[in-house]
1. Is the shape of the range B:102-228 rounded, prolate or oblate, going by the alpha carbon gyration tensor and its root eigenvalues a ≥ b ≥ c, with a/c under 1.5 for rounded and a/b larger than b/c for prolate?
2. Using helices alone, I'd like the mean residue ellipticity at 222 nm for chain A: each DSSP H run of four-plus residues gives -39500 (n - 2.57), total over residue count, nearest 500.
3. For the pair residue B:28/residue B:69, report the inter-label distance in nm, with labels modelled 7 Å from Cα in the Cβ direction.
4. Considering chain B as a Gaussian network with a 10 Å cut-off on Cα pairs, which listed residue, B:48, B:226, B:124, attains the greatest mean-square fluctuation?
5. Residues of the range B:102-123 with the amide nitrogen closer than 13 Å to a label point 7 Å from the Cα of residue B:131, along Cα-to-Cβ, please.
6. Volume per residue, Å³, of the convex hull around the alpha-carbon atoms of the range A:2-100?
7. Roughly how tilted is helix B:195-206, in degrees to the nearest 10 and between 0 and 90, from the longest Cα axis of chain B?
8. Taking N as the number of residues in the protein assembly as shown, what value does Rg over Cα atoms divided by 2.2 N^0.38 Å take?
């Protein structure tokens, strides 16, 4: 995913778990975060509010990319602070269109 | 004043069957959840990764060195997906059982189990052919899967030894799986509290057999099921003769 987005001209940083994601976000100040929910240790639901707190008033789009596709999973992701809930398997064209559609990222 | 109620043996049998049915339903739900988790963990991520690789490839000139690298990575993901699909298929329905019979199906499953979990394995099988009813062969294979699944989930073992042997002068078959893992205190462990053990005991009881568990902390564990063999149904001789 990171390779594809880089190829399409985006600046991308990756992280293997929640704490690494917070560290990367603190340095990188991302405009958009794509995060799995089932992460080792700190899951996506715990990560989202931490990322929000870190971003403060800065605009940042948070999208969960997950296989948990039930309406209750989507609800939980939105409650945790995600703006979007994308379900795996995810097609590349849909991901790219989604990213292009985010205001300020085109 | 009321008379003490007489306990009817039929009531306790009904209660036992109800408990068994409730457990079977619970197990069915657990299995569905496990399948959903595997689809999520293995398929969702791998298919997404494959989709990304293909998208990268479609954006690169054919024959460029990075394209060859992308093709190799895409093929790696595809191979891993194929292995996962085969494993799930085999877990759902042991196809090898229909084609090769129980002995080879056990061998194939154990080899794959050892490879997947980086465990040493050994398997001892009887030389004689097994004349099993389909229901017996399927149940023994399922119990074998259950035993290995227990080893994978709890044992932290390095080595697994499996044995299928005739017992009681060939009147029964005994399937044993032993490991060298962390073990548990068999004396204080209630087999009914573990889904795996309870499922094994119920399957064995269904076939008129029994299940036994032996272990001690740090001493590995051994699971054994013994099922009686019934002679395969044979057609009456006169129906097979030509007039």
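1. Numbers: a/c = 1.79, a/b = 1.23, b/c = 1.45.
Because a/c hits 1.5 or more and a/b fails to exceed b/c, the range B:102-228 counts as oblate.
2. Working: 5 runs with 49 residues, N = 106.
So the helix-based figure for chain A works out to -13500 deg cm²/dmol.
3. Simple spin-label model gives 5.1 nm for this pair.
4. Result: B:48 has the largest fluctuation of those listed.
5. none
6. On the way: hull volume 9.5 nm³, N = 99.
Enclosed volume per residue, from the Cα hull, is 96 Å³.
7. Between the helix axis and the principal axis of chain B, the angle is about 50 degrees.
8. On the way: Rg = 27.2 Å, N = 349, 2.2 N^0.38 = 20.4 Å.
Working it through for the protein assembly as shown, the quotient is 1.34.
The numbers here are math on the coordinates, done by the rules we state, and not lab data. All values derive from a computational prediction rather than experimental measurement. Virtual Cβ from ideal backbone geometry, glycine too; neighbours counted across all protein chains shown.
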